[in-house]
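Reading through the structure tokens given below for one structure.
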Amino acid sequence: MVNNEELTSEQQIKGKEFLLTKATLFAQSIENLGRTNTITHSINTVLPGIRNDAVKRVKKVQESTKIRHDQELPPIEEFKRGDQVLVYKASQQYSKSHKLYPKWKGPFVVHKVLEKGVYKLRSVNGKIIKTL
């Protein structure tokens, strides 16, 4: 380290300004730290409420969307075990090259009634159909 006596007066003034600037920056960083802690505390207290409000709004919108969707659905025809049914080939619905092919597979017999309009089918010969 260099003694102050060896420095010119101009260098001493610049050194003191540097120290003052450094001290000012340190004081500002301490002050900002206090602000940061206050902001962090505010965020931690306010954010859960905002998050809960958002979750409530999302659930409300999902419920209204489900109600509207369910109203637009056609009524589901329920089949019983032993009913004969045909299966629609949805993959050919928009195909132009298959317009002369049959759009239905079958006949099949309802083997087992599962939930929500889902059925396990078997052929008329009695073989259970795994995939269509």
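Within the stretch 120-130, identify whether any single residue is assigned to a loop (DSSP other than H, G, I, E, B), on the phi > 0 side of the Ramachandran plot and over 33 Å from the mean Cα position of the chain (by Cα), and answer yes or no.
Yes - at least one qualifying residue is present in the stretch 120-130.
Within the stretch 117-127, work out how many residues are without any contact (Cβ under 8 Å) to a residue 40 or more places away in the chain and under 15 Å from residue 77 (Cα atoms).
Qualifying residue count for the region: 1.
Restricted to the stretch 62-95, and to residues that are part of a helix (DSSP H, G or I) and small (Gly, Ala, Ser), which residue is modelled with the lowest pLDDT?
Within the stretch 62-95, the match that is modelled with the lowest pLDDT is 91.
Suppose we filter 98, 111 for residues that are in a loop (DSSP other than H, G, I, E, B) and either out of contact with any Lys or Arg (no Cβ under 8 Å at 6 or more places or on another chain) or surrounded by 10 or more Cβ atoms within 10 Å (Cβ to Cβ) (or both); which single one remains?
Only one candidate qualifies: 98.
Out of all the residues in the stretch 41-75, which are polar (S, T, N, Q) and exposed (fewer than 10 other Cβ atoms within 10 Å of the Cβ)?
44, 45, 71
The values are calculated or read from the model by the stated rules, or taken from the named source; none is laboratory data. Small disclaimer: the values here were computed from a predicted structure and weren't measured. In this analysis, Cβ positions are derived from the backbone assuming ideal geometry, glycine residues included, and neighbour counts consider all displayed protein chains.
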